[in-house]
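K.L.:
Here's a structure for you.
The values are calculated or read from the model by the stated rules, or taken from the named source; none is laboratory data. From a predicted model like this one, the values you see are computed outputs, not experimental measurements. Note that we place each Cβ from the backbone using ideal geometry, even for glycine, and neighbour counts take in every protein chain shown.
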Amino acid sequence: MDSSIYQAYEDEIQSLEEEIKLLAEKYEDGQQESTFFSEEEILESMYASFHIKSSQRESKGFECPSDLKAELQSLETDLSFLMKFTGIQFRSHTKKTMEKNGDRTVRKHRLSGNCHSMSFHLEFQLLEMQNKENVSAVITDLSIMMDSGEDSDVSKFVSRVEEHGSLLTFFRSLSSYAEWHEHRRCTFLHFK
Amino acid sequence: GILAHLEMLERRAQQVAMEEGEAQKQEEKLERLKARVQELRLQRDELRAKLDLQQKQQLGQEGAVLEVEPPSARAVLDWKMKSVKAMLELFYLTGISGKLTKRGVCFCISTAYEGTYLDSYYLDLLIKAQVEIHHHSIPVFIPLEKMAKKYLQTDIRRFLCVLSDHLNAYVGRRYQADQLQQHFSDQIEGTIQRNSLCNLLVFNYNVSSKSQTFPFKVRLVYGDLCCSLPTEVIVASTPDAPASLTQTAAAHSDLFRRMALHKAFRSFCPAEESMD
């Protein structure tokens, strides 16, 4: 039995399947990025779903629209809690899938937001690899722009963080610094 | 005789039938594979065309876009859901994320060494008259109780920051020792001895001088549990080592105080690192 005749086909099948996954994800990313719905449109959609009776449950086995609405509200509550608690607010976020083969996915992220009164704009690549128990994540090509960029302490800190891709350190430090900064600002205002 | 001959003919017929059966199976499998390839190629080409059109539309190149029916409520909610989920995932990258529960909140503390994310730990808090830790996955050697006593009731955020500092430092120390063991195993004698908190490391490594190798003994103590650099470093050469090596030992000692372990090793034996 000559298995090598199958090999070429099987290899092509695998490479096609991976390419299809990548293309589908790129298309999804594109759709997500180019779409925008206002808060009113989202609220309208939530009310529309609310009125759909369960007898009209979609036949493809999707969750009932009111489940979707409940889950969305729960996630939004979590998100708004986190933003309030940590002081980190994300204003805009886009991601693009650059590579996807086997267990490896590379996505490029652009993220803007602020932590208390300090705003930031980040770009980075995130490499995720699926192994047996979990997904490992590594940051590369980190680039950070901050409004308070003239402050030499801040710019030294930012270059060090960019050099090592230390995104987590950036956020942890930004969070404490911004809180301290905010506290100081409030204290000064109090004494004005 | 005839019987033997008949038996032989029968065996041969069976063999031919079997071979024909095999050949047919092979052909069928080949046909299936070919069909699958065609199917996938078609799917791939359709996606490519779709993506191409999408990119043209986004660049405003594709003339007047036919106004399709307004998006369904479902589509709008799906879009919003994706957007919210993506932001929640981002919080994971910031080091503190979580979700509200019926009785409080379950926090997730993620750790990283530079750009590599490592373990994450959860802390399930009950918010009642007092804040209580319901469940957690914090290792026993992290002084959780002490931190909780000091901060949990008055400043949850501060509590999480201090806990995060401890966890990140622990994971950072562990990562350095792992990297050293993994990439410089040729230089290290045996294994690196460490305690569970990874704030005490003891190991021997080889240093060459004039084509002879000498062992150095190292003892590293990380006195600050929130730090991933040691506070005490002892690097000692053996008595029979040449005098020049005491200088090397001092230089290495200084490096270990200032730099991550695996980076220090990389700086004094760049050629020896085994890439993985």
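K.L.:
Run down A:R91, A:R110 and say which single residue is at pLDDT 90 or above, part of a strand (DSSP E or B) and over 26 Å from A:I20 (Cα atoms).
P.N.:
Values: A:R110 fails: over 26 Å from A:I20 (Cα atoms).
Going through A:R91, A:R110 in turn, the sole match is A:R91.
K.L.:
Here's something else I'd like to know. Scan region A:45-79 for residues that are closer than 26 Å to B:Q54 by Cβ and at pLDDT below 80 and jot them down. Reasoning before the result, please.
P.N.:
As a first pass, look at region A:45-79 and keep what is closer than 26 Å to B:Q54 by Cβ: A:45, A:58, A:60, A:62, A:68, A:72.
A:S45, A:E58, A:K60, A:F62, listed by residue number.
K.L.:
Looking at region A:5-51 only, could you name the residues that are of a type in the set (G, A, S), more than 8 Å from chain B (Cβ to nearest Cβ) and over 16 Å from B:V37 (Cβ atoms)?
P.N.:
Within region A:5-51, just A:S38 meets the criteria.
K.L.:
Can you tell which of A:F171, A:F124 is facing chain B (nearest Cβ under 9 Å), part of a helix (DSSP H, G or I) and touching a residue at least 40 places away in the same chain (Cβ under 8 Å)?
P.N.:
A:F171
K.L.:
Here's a follow-up. Could you give me the residue pairs with C-beta distances under 9 Å whose first residue belongs to region A:35-53 and is among the polar types (S, T, N, Q), whose second residue is part of a loop (DSSP other than H, G, I, E, B) and at pLDDT 70 or above wherever it lies, and which are 6+ apart or on separate chains?
P.N.:
Pairs that qualify, where the first residue is among the polar types (S, T, N, Q) and the partner is part of a loop (DSSP other than H, G, I, E, B) and at pLDDT 70 or above, are A:T35/B:P71; A:S45/A:F37; A:S45/B:P71; A:S45/B:S72.
K.L.:
What number of residues in region A:150-165 are under 22 Å from B:L90 (Cβ atoms) and either acidic (D, E) or surrounded by fewer than 12 Cβ atoms within 10 Å (Cβ to Cβ) (or both)?
P.N.:
Summing the residues that are under 22 Å from B:L90 (Cβ atoms) and either acidic (D, E) or surrounded by fewer than 12 Cβ atoms within 10 Å (Cβ to Cβ) (or both) in region A:150-165 gives 2.
K.L.:
Conditions first: (1) within 26 Å of A:S80 (Cα to Cα); (2) in a strand (DSSP E or B). A:S148 passes all but one, so which condition is the exception?
P.N.:
Result: A:S148 fails condition (2) only.
K.L.:
Something else now. If you scan region B:92-105, which residues turn out to be part of a strand (DSSP E or B) and within 10 Å of another protein chain (Cβ to nearest Cβ)?
P.N.:
If the condition is that a residue be part of a strand (DSSP E or B) and within 10 Å of another protein chain (Cβ to nearest Cβ), then B:I96, B:S97, B:G98, B:K99, B:L100, B:V105 are the ones that fit.
K.L.:
Another question, if that's okay. If you check B:S110 against the conditions, is it among the hydroxyl-bearing types (S, T, Y), facing chain A (nearest Cβ under 7 Å) and in contact with a Gly (Cβ under 6 Å, 6 or more places away or on another chain)? It would help to see each step written out before you state the result.
P.N.:
Values: among the hydroxyl-bearing types (S, T, Y): yes; facing chain A (nearest Cβ under 7 Å): yes; in contact with a Gly (Cβ under 6 Å, 6 or more places away or on another chain): yes.
Yes: the conditions hold for B:S110.
K.L.:
With respect to B:Y175, determine if the residue is part of a helix (DSSP H, G or I), among the aromatic types (F, W, Y) and under 30 Å from B:L100 (Cα atoms).
P.N.:
no
K.L.:
Then there is this: Please determine, by comparing only the residues of region A:151-168 that are small (G, A, S) and assigned to a helix (DSSP H, G or I), which one is farthest from the other protein chains (Cβ to nearest Cβ).
P.N.:
Within region A:151-168, the first condition is being small (G, A, S), and the residues that meet it are A:152, A:155, A:159, A:165-166.
Filter again for assigned to a helix (DSSP H, G or I), leaving A:152, A:155, A:159.
On the way: A:S152: 22, A:S155: 19, A:S159: 14 Å.
The residue in question is A:S152.
K.L.:
Which condition number in (1) within 14 Å of another protein chain (Cβ to nearest Cβ); (2) in contact (Cβ under 8 Å) with a residue 40 or more places away in the chain; (3) part of a helix (DSSP H, G or I) is the one that B:S228 fails?
P.N.:
(3)
K.L.:
On to the next question. With respect to B:T154, determine if the residue is out of contact with any Pro (no Cβ under 8 Å at 6 or more places or on another chain) and crowded, with 21+ Cβ neighbours inside 10 Å.
P.N.:
Spelling it out, it is not the case that B:T154 is out of contact with any Pro (no Cβ under 8 Å at 6 or more places or on another chain) and crowded, with 21+ Cβ neighbours inside 10 Å.
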